[in-house]
Amino acid sequence: MNALLLLAPLSLFLETGLPIGLFVPGGDTLLLALGAWAAEGSLRPFPLLPLLFLGSFLGHLLGYALGRYGGKTLRRRFPEDLWRKGERLALRFGPLVLLLAPFLGGVRTLVPFLFGAWGFPFARYLPLVALGSLLWTQGLFLLGYLLGRHLPLWAILLGLLLLGGIGLLLSRRPSRAG
């Protein structure tokens, strides 16, 4: 159980702070599963909840710093269509995209780099990314907890596995545009 207190926040940190988050997604699934597991009584929510927030928040700070100081070089590491998707979201929603990005796999990895590379003011970035990390980590954990109070853990995990498989199949589908 002590390893989980390190591995779960570390997973969120890596997913949000480094480009490997594009290839090893799963933050949503992890948060929902941990919440369901806690509802079963096998896992204590504290100190896990604050550690999950810290993992996400610190990952976003690292992503911002990497974008700020290595943006042009790092841009080549991201798929061009994902980069354009992140730019469209940022242009459409402005800084509020920092609240939305954690809920969108792939985008949550890209947005910190984008905002850092654009030179977005850190003083404005910090509170928005803190709130986004808080809403994402605590919200999905608590949603998993509520689901876990009403459904068996195996049903939730099976549902997450099926949703992940469907998402993977849809993401591998050839694009109709172009």
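The values are calculated or read from the model by the stated rules, or taken from the named source; none is laboratory data. Treat the numbers as computed from the prediction; the structure is a model and nothing was measured. Cβ placement follows ideal geometry from the backbone for every residue including glycine, while neighbour counts extend to all protein chains displayed.
Taking the conditions exactly as written (modelled with pLDDT of 90 or more and either aliphatic (A, V, I, L, M) or loosely packed, with under 14 Cβ neighbours inside 10 Å (or both)), does L91 satisfy them or not?
No, not satisfied.
Could you list all residues from region 45-77 that are in contact with a helix residue (DSSP H, G or I) (Cβ under 7 Å, 6 or more places away or on another chain) and basic (K, R)?
R68, R75, R77
I need every pair where a residue in region 141-164 that is of a type in the set (A, V, I, L, M, F, W, C) has its Cβ under 6 Å from the Cβ of a residue that is surrounded by fewer than 16 Cβ atoms within 10 Å (Cβ to Cβ), sequence separation at least 6 or different chains.
L153/E40
Within the set of pairs 6+ apart or on separate chains, which have a first residue in region 7-33 that is in a helix (DSSP H, G or I), a second that is at pLDDT 90 or above and of a type in the set (F, W, Y), and C-beta atoms under 6 Å apart?
These pairs meet every condition: L31/F141.
With the condition kept exactly as written, say whether any residue in region 115-126 is assigned to a helix (DSSP H, G or I), surrounded by 14 or more Cβ atoms within 10 Å (Cβ to Cβ) and at pLDDT below 90.
Looking through region 115-126, at least one residue is assigned to a helix (DSSP H, G or I), surrounded by 14 or more Cβ atoms within 10 Å (Cβ to Cβ) and at pLDDT below 90.
L162 passes all but one of (1) exposed (fewer than 13 other Cβ atoms within 10 Å of the Cβ); (2) more than 30 Å from F46 (Cα to Cα); which number fails?
Tallying (1) exposed (fewer than 13 other Cβ atoms within 10 Å of the Cβ); (2) more than 30 Å from F46 (Cα to Cα), L162 fails exactly one: (2).
Which residue pairs have Cβ atoms under 7 Å apart, sit 6 or more places apart or on different chains, and have a first residue in region 121-139 that is under 13 Å from D28 (Cβ atoms) and a second that is at pLDDT below 95 and surrounded by fewer than 18 Cβ atoms within 10 Å (Cβ to Cβ)?
What qualifies is L135/L99; W136/F103.
Keeping to region 68-106, report how many residues are in a helix (DSSP H, G or I) and more than 26 Å from L31 (Cα to Cα). First the steps, then the outcome.
Filtering region 68-106 for residues in a helix (DSSP H, G or I) gives 68-75, 80-103.
Pick out the ones that are also more than 26 Å from L31 (Cα to Cα) and you get 68-75, 80-81, 84, 87-88, 91-92, 94.
Qualifying residue count for the region: 16.
R149 fails exactly one of the following numbered conditions: (1) loosely packed, with under 15 Cβ neighbours inside 10 Å; (2) among the basic types (K, R); (3) over 30 Å from E40 (Cα atoms). What is the number of that condition?
Answer for R149: the failing condition is (3).
Working only within region 14-32, note down all residues that are modelled with pLDDT of 90 or more and surrounded by fewer than 21 Cβ atoms within 10 Å (Cβ to Cβ).
Answer for region 14-32, where residues must be modelled with pLDDT of 90 or more and surrounded by fewer than 21 Cβ atoms within 10 Å (Cβ to Cβ): just L14.
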